[in-house]
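So the structure is just underneath, and the comments pick up after that.
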Amino acid sequence: VVPQRLVNFYEPGQAHKVRQLFSRIAPRYDFINDLQSAGLHRAWKKTVVSLAGAHAGELALDVCCGSGDLALAFERRGVQAVGVDFTEAMLQRAAMRGARLLVHGDAQALPFSDATFDIVTVGYGLRNLSHWEKGLEEMWRVAKPAGRLVVLDFGKPENALWRKIYFGYLRAIVPLFGRVFCGDAAAYAYILESLRVYPAQRGVAEKMTALGCRDVRTLNLLGGAMAINFGLKR
Ligand SMILES: C[S@@+](CC[C@H](N)C(=O)[O-])C[C@H]1O[C@@H](n2cnc3c(N)ncnc32)[C@H](O)[C@@H]1O
């Protein structure tokens, strides 16, 4: 059952609530990420960086960068990485962890010129936008021709039984982590709530194709509970 105060959370005009939520959980964000994924999100983020085919000297943008995992992973490969996020508390964490190029901005109106970046990624971000398609269109706009777009997020497994088990985990267990470690169960019920409207890997692949991406690929992880979408800008 979705807590009442999260209903309509992801609908247009509610972005300030998303920002408030991430401001609240910022201090514990990394810790709970490790806990709820048993540390696996680190491996999935490494896969994002590998799939992006990052080469030293290139320029990457990580949209909804949060505490900076992907931007820092690119930097370790010699790729200059800009992180953009609209929650100051998350940007502060990214800065504390060593991210150097951070921009306060909205994923749905990226403050960058067309065709700027070799790589544009988003990890667990599109799902949080009131218009996820707009976020993907913006990623496409700021990518150079032949730029790589990579999206990592919670998925929707095709297998009905597995989907039930996994949604049960998101409904019953993950909010407990929020309650115990942030004193706020509702803050972690947001994952399931956001999946109510986000079409996950299938919708992202369709949108990438509609935008004109080539080589559109979906990598399902944990039976589709997580997914990475890849597309190459024509
Ligand atoms: C679940 S966190 C993901 C953080 C990081 N990418 C990761 O994988 O750990 C989602 C992030 O998206 C940011 N966010 C949500 N809506 C946004 C928007 N419209 N513009 C920019 N950032 C946004 C939040 O502030 C938060 O830091």
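What do you reckon, is R77 more than 19 Å from R214 (Cα to Cα) and either modelled with pLDDT under 95 or open to solvent by 40 Å² or more (accessible area, probe 1.4 Å) (or both)? So R77 passes the test. Restricting attention to the stretch 206-234, the residues that are open to solvent by 10 Å² or more (accessible area, probe 1.4 Å), assigned to a helix (DSSP H, G or I) and closer than 13 Å to W140 by Cα total 4.
Looking across the stretch 134-162 at every residue that is surrounded by 17 or more Cβ atoms within 10 Å (Cβ to Cβ), over 19 Å from A71 (Cβ atoms) and not hydrophobic (A, V, I, L, M, F, W, C), the one that is farthest from the ligand (Cβ to nearest atom) is identified as P157.
Working only within the stretch 163-185, note down all residues that are hydroxyl-bearing (S, T, Y) and crowded, with 16+ Cβ neighbours inside 10 Å. If you could, list the steps in order and put the result at the bottom.
First, the residues of the stretch 163-185 that are hydroxyl-bearing (S, T, Y): 166, 169.
Y166, the sole residue that qualifies.
The set of residues from the stretch 38-74 being open to solvent by less than 30 Å² (accessible area, probe 1.4 Å), assigned to a loop (DSSP other than H, G, I, E, B) and within 12 Å of the ligand (Cβ to nearest atom) comprises C65, G66, S67, G68. Scanning the stretch 10-31 for residues that are modelled with pLDDT of 85 or more and either open to solvent by less than 40 Å² (accessible area, probe 1.4 Å) or in a loop (DSSP other than H, G, I, E, B) (or both) turns up V18, L21, F22, I25, A26, Y29, D30.
When the stretch 10-37 is examined, which residues are found to be on the phi > 0 side of the Ramachandran plot and within 10 Å of the ligand (Cβ to nearest atom)?
Restricting attention to the stretch 10-37, the residues satisfying the condition of being on the phi > 0 side of the Ramachandran plot are 13.
Those that are on the phi > 0 side of the Ramachandran plot and within 10 Å of the ligand (Cβ to nearest atom): none in the stretch 10-37.
Give just the number: which of (1) over 19 Å from Q20 (Cα atoms); (2) open to solvent by 50 Å² or more (accessible area, probe 1.4 Å) does D118 not satisfy? Just one mismatch for D118, condition (2). The residues on offer are V48, V63, V79, V84, and the sole one that is in contact with a Cys (Cβ under 8 Å, 6 or more places away or on another chain) and among the aliphatic types (A, V, I, L, M) is V84. Scanning the stretch 186-200 for residues that are in a helix (DSSP H, G or I), open to solvent by 20 Å² or more (accessible area, probe 1.4 Å) and not aliphatic (A, V, I, L, M) gives a single hit, R196.
The values are calculated or read from the model by the stated rules, or taken from the named source; none is laboratory data. Computed from a predicted model, the values in this text were never measured in an experiment. All Cβ positions, glycine included, derive from the backbone under ideal geometry; neighbour counts span all protein chains shown. These area figures cover heavy atoms from the full protein model, side chains too; ligands, DNA and RNA do not enter into them. Shrake-Rupley method; radii C 1.70, N 1.55, O 1.52, S 1.80 Å.
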